1. Considering only residues of region 361-370 that are of a type outside the set (D, E, K, R) and surrounded by 12 or more Cβ atoms within 10 Å (Cβ to Cβ), which is nearest to the chain's Cα centre (by Cα)?
2. For region 19-68, enumerate the residues that are out of contact with any helix residue (DSSP H, G or I) (no Cβ under 6 Å at 6 or more places or on another chain), within 13 Å of the ligand (Cβ to nearest atom) and part of a helix (DSSP H, G or I).
3. Which of the residues that make up region 274-286 are under 20 Å from the mean Cα position of the chain (by Cα), hydrophobic (A, V, I, L, M, F, W, C) and more than 12 Å from the ligand (Cβ to nearest atom)?
4. Is region 309-318 home to any residue that is in a loop (DSSP other than H, G, I, E, B) and either of a type in the set (Phe, Trp, Tyr) or away from the ligand (no atom under 16 Å from the Cβ) (or both)?
5. I'd like to verify a number: residues in region 70-87 that are in contact with a Gly (Cβ under 8 Å, 6 or more places away or on another chain), within 10 Å of the ligand (Cβ to nearest atom) and closer than 19 Å to TRP56 by Cβ, how many?
6. Given the criteria assigned to a helix (DSSP H, G or I) and either of a type outside the set (A, V, I, L, M, F, W, C) or free of Cβ contacts under 8 Å to residues at least 60 places away in the same chain (or both), does ILE177 qualify?
7. Got at least one residue in region 245-261 being aliphatic (A, V, I, L, M), under 30 Å from PRO359 (Cβ atoms) and within 14 Å of the ligand (Cβ to nearest atom)?
8. Just for region 195-231: of the residues that are surrounded by fewer than 18 Cβ atoms within 10 Å (Cβ to Cβ) and part of a helix (DSSP H, G or I), which one is nearest to the ligand (Cβ to nearest atom)?
Amino acid sequence: MSAVVRLREWIFRRVNGAEGIPVPGPLIGAEHFERVYSDPAADGRSRGAGLSDLFWYWLAPGPQMHQEHLEPGDRYQTVARVTRRVLAVPHARSDALATAATRRALAGVSGFVRLRDLMMPVWAEVFHELVFAESCPPAARDMIVANADDVVNALKGLGLRHMSRRDRLTRYLLSRIEAGTCPVVLPPPFTAQETAWYLQGAFFNTAVVQMSEAMAHILLLAGDISDVSDQSLDDLIDETLRVHPLFGIAHRITSAPITVDGETTIPAGSVLLFNYLAYQRTGPAADDTFDPSRWRRLKRREAHFIPYGMTANRACPARGAAPVMLRAATREVLRRFAVAAPAAHTRSLPNRGPAFLTPIGHRGPGPARLAALRRTDRIADAGRSMKQLVLGTWMVLDARRQKLCTTHFSSLEAQP
Ligand code: HEM
């Protein structure tokens, strides 16, 4: 299968060009990673990078209103402030929301599950409740899940985009904003349509996708954990995010030259590719061994461990609430079930985390069943790789054709 992966990477490079400076990389080592990432000139988000057309294509509709892709400036500041306000939740409430939603999702569940699918409705409900200050109707939950699932499958090359599924959610959000029943709105001059795209991007796409992916990784690795104390769960979660950081690469476009170590100068207009996995594999916790107990000995801030990004440069606004919610949901699952996950576990998680959940005190699947799952998953993986090659290539070409980001910025420049 590695031949298929290499072929896919080769096609992506042919179409997109080998754009960008990898950090850490030959030009800028790991020792300068945090300093360069934190540099005020590493602040451009989308404009001027060819690969932004691909990200915008995946995040549509309304990628120009996705917080992650807004350029620095007043509009970005306003949007970021609104997000911070929504996420400024006391820990006890974050815990209670995630616990209750997980409990609902687990009702009647037992046996074989795909962990990512199991968890998506949980986060759809939690973020709906945070945004609308009311519990999530099942129809809205299903729309949110359909939207988030569509985005993450397209991002992984496992499905094409289905814009009708995504547009249905935009219409729901827009109707709530126009009816005055959405307490979170962007102030003028932002329009209702822009607010709908913003909410969809931050809360019903990024939040739901990231939290579901994180939970799938955590539970796949939770097999041997019986202690559900806060500290043990926090160690499990951090170790999971160290071994499988959710972000692959975060890119920035430099708005001014950056000088590193008094000699190397990165010119303005460069695309910096901050590689989370590569950085986390340097420093005092550089190995691949899964060992939650390391966090009893190691200080997180000294470990080249940046699961939620760099505080100085647009770090994740959920870095306070997300760990508490993940802990609550993990606790709720592990209190009720033993998790057996025999299939391959990779960072990109194309199999959506197949696992057996066995109620505590009951007998789980025997070795033959576990081996059968491992075998079927290996066979399915070959099919998934081919699918990713074909669909991924098609989407890269389609994104190049649509040029959503390039067109957006050239139309702004054309305005008087
Ligand atoms: C385990 C869960 C999560 C992880 C590991 C995670 C990780 C990250 C990272 C590493 C970044 C910075 C990327 C960069 O520097 O470009 C980021 C940005 C962001 N995250 Fe998260 N995230 C998670 C959950 C969430 C949730 C629940 C939300 C809810 C709204 C969220 C919203 C955002 C937004 C809006 C940004 C862009 C920030 C900006 O550019 O101002 N994330 N996240």
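The values are calculated or read from the model by the stated rules, or taken from the named source; none is laboratory data. All figures in this text were calculated on a predicted structure; none of them were measured in a lab. Here Cβ is always computed from backbone atoms with ideal geometry, including for glycine, and neighbour counts include all displayed protein chains.
1. Filtering region 361-370 down to residues of a type outside the set (D, E, K, R) leaves 361-362, 364-368, 370.
Next cut, surrounded by 12 or more Cβ atoms within 10 Å (Cβ to Cβ) only: 364-365, 370.
Working: GLY364: 31, PRO365: 31, LEU370: 29 Å.
Of everything passing the filter in region 361-370, LEU370 is nearest to the chain's Cα centre (by Cα).
2. Result: GLU34, VAL36, TYR37, PHE55, LEU59, GLU68.
3. Step one: list which residues in region 274-286 are under 20 Å from the mean Cα position of the chain (by Cα), which gives 274-281.
Pick out the ones that are also hydrophobic (A, V, I, L, M, F, W, C) and you get 274, 277-278.
Scanning region 274-286 gives a single hit, ALA278.
4. Looking for residues that are in a loop (DSSP other than H, G, I, E, B) and either of a type in the set (Phe, Trp, Tyr) or away from the ligand (no atom under 16 Å from the Cβ) (or both), one finds none in region 309-318, hence no.
5. Initially, region 70-87 is screened for residues in contact with a Gly (Cβ under 8 Å, 6 or more places away or on another chain), giving 71-72, 87.
Now restrict to residues that are within 10 Å of the ligand (Cβ to nearest atom): 72, 87.
Still in the running and closer than 19 Å to TRP56 by Cβ: 72.
Of the residues in region 70-87, 1 are in contact with a Gly (Cβ under 8 Å, 6 or more places away or on another chain), within 10 Å of the ligand (Cβ to nearest atom) and closer than 19 Å to TRP56 by Cβ.
6. Details: assigned to a helix (DSSP H, G or I): yes; either of a type outside the set (A, V, I, L, M, F, W, C) or free of Cβ contacts under 8 Å to residues at least 60 places away in the same chain (or both): yes.
In short, yes.
7. Kept after step one, since they are aliphatic (A, V, I, L, M), are these residues of region 245-261: 246, 249-250, 253, 256, 258, 260.
Remaining after also requiring under 30 Å from PRO359 (Cβ atoms): 246.
Adding the requirement that they be within 14 Å of the ligand (Cβ to nearest atom) leaves 246.
Checked against the condition, which is being aliphatic (A, V, I, L, M), under 30 Å from PRO359 (Cβ atoms) and within 14 Å of the ligand (Cβ to nearest atom), region 245-261 yields at least one hit.
8. Per the criteria, the residue is ASP230.
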